Amino acid sequence: MMRVGGAGVSLAGGMLQDLWLPAVGLGAQFFVIVLEWISLSWLQAMVLAVVQGLTEFLPISSSGHLSIVSKLFFGDDAGASFTAVTQIGTELAVLIYFAGDIGRLVAVWFRGLFDARVRRTQDYRLAWYVIVGSLPIGVLGLLFQDYIRSTLRSLWITGATLIVFGVLLGLAERFGRQLRGQDRLRLRDGVLMGFAQSLALIPGVSRSGGTITAGLALGLDRPTAVRFSFLLAIPAVFAAGVSEIPHVFEPSPYGLQPTVAQMVVATVVAGVIGYAVIAWLLRFVQRHSVYLFVWYRIVLGVLLFALLGFGVVQP
């Protein structure tokens, strides 16, 4: 009986060993895969957050840079949803940096609804210019959101827009009269800069680049064009970011799929870096032209075409 029992025990032990060893092996492999996936995903999120913070306020296209970096180094597009939500962080930086201006404009706008004297002030008109100028990108974003999330994110389009709109920015810098400050802003400026901002729905155009180009072409001085560009972005970018939050975590063939924690941290990182970039850019344009960004865009666009042509990166 002991022999039989021993054999039974031996048999049972062998069966358990046969089951246990592969299970441990699979478990170890799964654990390694999970660790690698987490590390890679966090690396992607942090790199893209830094790129977002550095490029959002410069006229070089943050969405274009996110698309290039994610495809070149991670083999996939960052996705329109990831881009839109991390922009909330950079727009919070705008809110904090311009808190005094924004609070004043909001207060004046509400008072002006009931006081005719307030309606004659430049601040009241400026508040309306921001509101009216934010409408085009909101309407067009809703109408063409499917194209924005897919077709328009081709790197061939990004390369072309980097170059074309870089040249337009250079022409605006060269031929714009730059005689009008913030006290001479008009409704036409808000409307036309709003339509220019809507072009940034195409990666590579640049929201700030489009609005600054339009502002310079309309005769605004460089600091005024840049400051109004920041103010103009707040309603549109916040609306786009909030509307895209549900899409970030939905399975999609377009772009990376971050976790909630990764999105939160990436948004905070982008905002902190974005705040520093705002301060730097406002000081820079006081004394320098925007030709630095023009040449950067052209060189990057040509380099991107070369990478695409040689198959180094996929469109």
Item to complete: Starting with the highest mean, order 228-236, 115-123 by the number of other Cβ atoms within 10 Å, averaged over the residues of each peptide.
Response: 228-236, 115-123
Discussion item. Per-residue counts of other Cβ atoms within 10 Å, averaged by peptide: what ranking do you get for 201-214, 100-113, 49-62, highest first?
Written reply: 201-214, 49-62, 100-113
Discussion item. Please compute the per residue accessible area over the range 81-229 with all protein chains in place, 1.4 Å probe, rounded to a whole number of Å².
Written reply: 44
Worksheet item: Based on the Cβ-Cβ distance from L303 to V264, what FRET efficiency comes out when R0 is 41 Å, to the nearest 0.05?
Response: 0.80
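Quick one: if the Förster radius is 51 Å, what FRET efficiency do A116 and V272 give, using the C-beta to C-beta distance and rounding to 0.05?
Efficiency computed from Cβ-Cβ geometry: 0.75.
The values are calculated or read from the model by the stated rules, or taken from the named source; none is laboratory data. Keep in mind it's a predicted model, so treat the numbers as computed, not measured. Backbone-built Cβ (ideal geometry, glycine too); neighbour counts: all protein chains shown. Surface areas here come from the heavy atoms of the whole protein model, side chains and all, with no ligands, DNA or RNA. Shrake-Rupley method; radii C 1.70, N 1.55, O 1.52, S 1.80 Å.
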